Amino acid sequence: MLGRLEARAGKLVESPRMPLLTKYFVLAFSALLPLVNPLGSALVFVRMVGPRSETDYRSLARSVAVNTFLFFAVVELVGSAALSFFGISLPIVQVSGGLVLAAMGWSTLNEGDDAPAPADEHPKARRTEQGTFYPLTFPVTAGPGCIVVMITLSAHASRAALVDNAMTHAGLLAAAAALAALVYPAYAYAPRIARAVPASTAHGILRVIAFILLCIGVQIAWNGAGVLIAQLVRGLR
């Protein structure tokens, strides 16, 4: 996945007619949208939040959307520097993040199909105010795969010229804002989306999403493990 992302980044950067801000906006938005997947994540969101009023859902959706943008902004601006400070390589982040994402997909894949409990008995509903960042923002909305992709894009966006550097990073932040703007309506109207989909179909969609998350996690972890194995082999020669 990262190999294709880097190849796409190279092609966009070579395009002479497209402004840098637009190039990196398109690149980041197209790379992160399948991972954020607002409509698919809305089904997971409504299952975790449980029975709530429309006002509560709009309030939670607003908080998660803001948190999502801030999360992407922090990762984009300080992610690479933080990894360097702690001496963590990108392949290690890929392996760790991939395993977390795979575990989340596996857990959802094996969840029961029981209907949610009433609002006053739903255990997750009582914890949601304290969980707008974890787990509703991370890892439900923006997971480990998003961290790896954003750090990779941020590394490609670095430029020697100050103006070019500002434009590339502004493009990444604009993509983060656009994704957060899509998260809000998907989550605010998540109960309506869930009601519009038959229960059996919703369970099936959830399983497909969970399986895709599992596969993405394994792929990210495998990419990182491949780099680490190659480094180990070179070191033994």
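The values are calculated or read from the model by the stated rules, or taken from the named source; none is laboratory data. Fair warning: this is a prediction, and the values are worked out from it, not measured in the lab. No Cβ is skipped: glycine too gets one built from the backbone with ideal geometry, and neighbour counts run over all protein chains shown.
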- prompt: Of the residues that make up segment 162-177, is at least one touching a Gly at 6+ places or on another chain (Cβ under 6 Å), part of a helix (DSSP H, G or I) and not polar (S, T, N, Q)?
  reply: no
Condition met for VAL227 (more than 21 Å from the chain's Cα centre (by Cα), farther than 30 Å from GLY50 by Cα and touching a residue at least 24 places away in the same chain (Cβ under 8 Å)): yes
message: Based on this model, can you work out whether ALA155 counts as out of contact with any Leu (no Cβ under 6 Å at 6 or more places or on another chain), touching a residue at least 12 places away in the same chain (Cβ under 8 Å), under 24 Å from VAL49 (Cβ atoms) and not aromatic (Phe, Trp, Tyr)?
response: no
Cβ-Cβ under 9 Å pairs, at least 6 apart or on other chains, segment 70-95 side within 18 Å of THR137 (Cβ to Cβ) and basic (Lys, Arg), far side at pLDDT below 85 and buried (at least 19 other Cβ atoms within 10 Å of the Cβ): none
- request: Residue by residue through segment 152-179, note down the ones that are among the β-branched types (Val, Ile, Thr) and closer than 23 Å to GLY224 by Cβ.
  value: THR152
query: Of everything in segment 113-148 that's of a type in the set (Val, Ile, Thr) and at pLDDT 85 or above, which residue is nearest to THR55 (Cα to Cα)?
result: THR132
